[in-house]
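Chemist: Take this structure, written in structure tokens, and hold onto it; I'll ask about it next.
A short reminder: the numbers here are calculations on the coordinates, not readings from a lab. Treat the numbers as computed from the prediction; the structure is a model and nothing was measured. Every residue, glycine as well, gets a Cβ built from its backbone with ideal geometry; the counts of neighbours run over all protein chains shown.
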Amino acid sequence: MTTSVTRSSNHSRTLTLVHIAMFAALMAIGANISSFLIVGGVPITLQTFFAVLAGILLGKRLGAAAMIVYAAIGLAGVPVFAKFSGGMDTLISPTFGFILSYIFTAFAAGWIAEKMPSKKGFIFAALVATAINYVFGTNWMYAAYKLWFAAPEGFTYGMAWAWMAVPLPKDVLLAVFAGLFGFRMQPIIKKYLP
């Protein structure tokens, strides 16, 4: 009896680690699938979509853990961030706030989805999480350009938000899709999570 319980527990832990690793890998793919498109100083990526989906499908704790793993891999020097970048120098990049925000994005999406387990609740969770990503990342970017990075000529807070207006429609649509897709997939994924 003890052997089957131990085997089941090990199997569950292994699947959890696989899910975390899978979303860290999806973040790396999402960072670079379209990051050659740059508006102002902001690459256009699919990272927000995958961060939201991680929170909705894995839950707040495991979704945030997947984003921490992603950030740690990139900071260790593996080129998983946008434009195939990585390393500790990313910490001072104006866009590092977005990388940090993915942790909060996944956590918020998972937390709201747990509290509101309906289709509308999942869409709401995805939209709120996307807003958190934008607010945290854009404010970090503005502060970075003003305090420690060379800001473009005439750079203002409004300009930082104007840069973010370009990917916003894509991210809003993808947030709605993440909410709908997450709602459909969650019962399947939950069978394999602790």
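Chemist: Counting pairwise Cα distances across region 8-190, what percent come out greater than 26 angstrom?
Modeler: 28
Chemist: Scan around residue 78 for amide H atoms under 5 Å from its own, H built in the peptide plane at 1.01 Å from N, and keep only partners 5 or more places away or cross-chain.
Modeler: So residue 78 has HN proximity to 87.
Chemist: Still on this model: What's the extension gain from residue 156 to residue 84 if we count 0.36 nm per residue and subtract their Cα-Cα distance?
Modeler: Numbers: separation 72, 0.36 × 72 = 25.92 nm, distance 2.77 nm.
So the extension gain works out to 23.2 nm.
Chemist: May I pose another question? In Å, the Kirkwood hydrodynamic radius of region 131-193 over pairs of distinct alpha carbons?
Modeler: Across region 131-193, the inverse of the average 1/r is 14.1 Å.
Chemist: Let me ask you something else. Tell me, in nm to one decimal, what length is gained between residue 114 and residue 92 on full extension, where the rule is 0.36 nm per residue of separation less the Cα-Cα distance? Present the calculation step by step, with values, prior to reporting the outcome.
Modeler: Numbers: separation 22, 0.36 × 22 = 7.92 nm, distance 3.42 nm.
Extra length available between residue 114 and residue 92 comes to 4.5 nm.
Chemist: Let me ask something additional. Can you give the calculated 222 nm mean residue ellipticity of the chain, where each DSSP H run of n ≥ 4 adds -39,500 (n - 2.57) and the sum is split over every residue, rounded to the nearest 500 deg cm²/dmol?
Modeler: Roughly -25000 deg cm²/dmol at 222 nm, from the helical runs in the chain.
Chemist: Compute the separation of the alpha-carbon centres of region 83-127 and region 137-194 and state it in Å as a whole number.
Modeler: Cα centres, region 83-127 to region 137-194: 8 Å.
Chemist: For the chain, what is the charge dipole size about the Cα centre, in debye to the nearest 20, if Lys and Arg each add +1 at the Cβ and Asp and Glu each add -1 at the Cβ?
Modeler: My answer is approximately 780 debye.
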